[in-house]
Amino acid sequence: MKTAVVMIALTCIGIGVSVGMSGEANEQKVSDKWGSVKAGLRLALKSSQSRYRFDQPIVLKMTLKNDGNSNVRIALPDSILEMYRVDVRLPNGAAAPLTLKGKSLWSMGVTGQILKPGELTVDTIPMLNRLYDMTLLGEYTVTVSRLQVYPVKGKPVEVSSNTIKIAVTMDAASKPVSKPASKAETQPK
C-alpha cells in the first residue's frame with residue numbers, strides 16, 4: 001500500500017516522496033534540529049547543503065515523527081504543496097512568490113496513512129527554486145508546516161519545522177556538474 005501511494009505521488013507531481021519508516025537506525029539520518037512538539041508530533045527540515053549556486057536545484061527534506069503514544073492519521077494529497085505550507089523568505093524578508101510551476105501543482109485527490117508511535121515519514125522537494133522564485137542572490141530562510149495531520153482523537157493539527165537558511169550565490173562551494181566532452185572535442189585533429 002505504501003509503495004502504491006509513493007508511486008501515485010511521484011507520477012502525479014514528479015517532485016515529492018512520502019515513505020513511512022520505523023526504528024532507531026533511521027533516526028541517525030534525520031536532522032538534529034526539530035520544530036516544537038505538537039500533539040506528540042515533530043517536524044524536521046533540512047537541505048542537502050547551505051549554499052547553492054543560483055542555477056543549482058535546491059533540495060529540501062522534511063521528516064515528520066510521531067513521538068506520541070498513539071497512532072496518528074496523516075493525509076497524503078497528490079501535491080507536495082498541499083501537504084506542506086512552505087514559507088520561503090527573500091533576502092529582504094518578503095515572502096517569495098510561487099513560480100508558474102509552483103502554481104500548477106495542486107492535486108485532485110487525497111489518500112491517507114497511519115503513523116504509529118516511533119514511525120517517521122520523509123518527504124522531499126528536490127527543486128524548491130523551481131516552485132518558488134529564488135532568483136535574487138542572498139540568504140533565504142525556509143520553514144515548513146505539515147498540514148492535514150489528525151490525531152486519532154482530536155482536531156487536525158499543523159506541525160511546524162525548524163527554520164533553515166539557504167544562501168543563493170554566484171559561486172557556491174559545490175559547483176554544478178559539468179557536461180562531459182563530446183567525442184569530437186576529445187579526438188585529435
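Derivation of every value follows stated rules applied to the coordinates shown; laboratory data play no part. Worth saying up front: this structure is predicted, and the values here are computed from it rather than measured. Positions of Cβ are backbone-derived with ideal geometry, glycine not excepted, and every protein chain shown enters the neighbour counts.
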message: If I stretch the segment between Phe54 and Asp171 completely, what's the gain in nm (0.36 nm per residue apart, minus their alpha carbon distance), one decimal?
response: 41.3 nm
message: So if each residue of separation counts as 0.36 nm, and I subtract the Cα-Cα distance between Leu137 and Ser70, what length gain in nm does that give?
response: 19.7 nm
- request: Read phi for every residue in the range 47-52 and hand back ³J(HN,Hα) as whole Hz from Karplus 6.51 cos²θ - 1.76 cosθ + 1.60, θ = phi - 60°, with x for Gly and Pro.
  value: 10, 5, 7, 9, 10, 10
query: Tell me, what ³J(HN,Hα) does each residue in the range 123-131 have, in order and in whole Hz, if you take phi through Karplus 6.51 cos²θ - 1.76 cosθ + 1.60 with θ = phi - 60° and put x for Gly and Pro?
result: 10, 10, 10, x, 9, 3, 6, 8, 9
field: Violating pairs (Cα-Cα greater than 26 angstrom) within the set Lys38/Lys101; Lys61/Lys101; Lys65/Lys101
entry: Lys38/Lys101; Lys65/Lys101
field: Sorted peptide list for 74-83, 130-139, criterion being average Cβ within 10 angstrom, highest first
entry: 74-83, 130-139
message: Amide H of Arg73 versus every other amide H placed in the peptide plane: which residues, excluding those fewer than 5 positions away on the same chain, fall under 5 Å?
response: Leu115, Tyr150, Val152
